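> This is the structure I have questions about; it appears just below.
Every number here is computed from the coordinates shown, using simple stated rules; none is lab data. Quantities reported herein were computed from a predicted structural model and do not represent experimental measurements. Note that we place each Cβ from the backbone using ideal geometry, even for glycine, and neighbour counts take in every protein chain shown.
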Amino acid sequence: MENPPREARLDKEKEKIKLEEDEAAAASTMAVSASLMPPIWDKTIPYDGESFHLEYMDLDEFLLENGIPSSPTHLDLNQNPLLPVAELEGKESASASTGSPASSSSTAVYQQSEAASSTESPPQNERNTPSPIDPDCVEVEVNFNPDPADLVLSSVPGGELFNPRKHKFTEEDLKPQPMIKKAKKVFVPDEQKDEKYWTRRKKNNVAAKRSRDARRLKENQITIRAAFLEKENTALRTEVAELRKEVGRCKNIVSKYETRYGPL
């Protein structure tokens, strides 16, 4: 075989050297860009009016031509095309949370607060129904200061002082008492007033005195209790009138809200 011409061999050697220089230049530019060296705009490119051209290329077309996914979620979907929908949604939420830690933390806090509120908030019927109140525990501010002497007369001797604010009477105590006529006096001669007569008379006098004292004590208690209830009734009527005004004002506000935004 004949040897190729010398000029052809020289041309091939020049092309080979040029290719090696181009590869070395490309490697050096990559090393510069990866090692925080001076940026590429520090290098000057000669402009001769013909070698400098601007071309427009769509980013999606460029990524599609080079086989690069447009987003990391698409990459996961392409790698795992047969994953269930729940796993795909979980991966998307995980990628979003890793991409934005602040939003993930705020979302976690919101979910925790929502869970806490859902566990702490009572059902609808419990919120609408107020808790029962013992009437005996309700105290009304009443300016009632009875005379201490009247309280003593209304108290059982040797017992606790009568409290008109908390004392309660039974139905039997509040029943009207019948009018009792006194029995006619029976005249007994002095000759018949023996020891048995005087014993029976003393017992009757003691029983009558006890009955009068018990009746008078109950009357005093009822009188003081009625005086307190009269003042309490006046205070409650005043409070009810104020509450009715407040309820009327609230009803007007609710009616205006319903006319503007619809029923609650």
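> Say the dipole of segment 184-264 comes from +1 at the beta carbon of Lys and Arg and -1 at that of Asp and Glu; which of 254, 198, 227 then lies farthest toward its positive end?
So the residue furthest toward the plus end is 198.
> Right, something else. What is the calculated FRET efficiency for residue 212 to residue 187, with r their C-beta to C-beta distance and R₀ = 25 Å, to the nearest 0.05?
E(calc), rounded to 0.05, equals 0.55.
> Mind checking which lysines have their Cα closer than 27 Å to the Cα of residue 185? Skip sequence neighbours fewer than 8 apart in that chain.
193, 196, 202, 203, 209
> Would you order 211, 131 from fewest to most other beta-carbon atoms within 10 Å of each residue's own beta-carbon?
131, 211
> Where a Cα-Cα gap under 27 Å defines reach, which lysines qualify for residue 14, not counting those fewer than 8 residues away within the same chain?
Within the straight-line cut-off, residue 14 pairs with 43.
> Still on this structure, please answer the following. What does the extension gain come out to for residue 19 and residue 58, with contour length at 0.36 nm per residue minus their alpha carbon separation?
Result for the pair: 11.0 nm of gain on full extension.
> Mind putting a number on the dipole of segment 140-263 about its Cα centre? Charges go on the C-beta only, +1 for Lys and Arg and -1 for Asp and Glu, and I need it in Debye to the nearest 20.
That gives segment 140-263 a dipole magnitude of about 540 debye.
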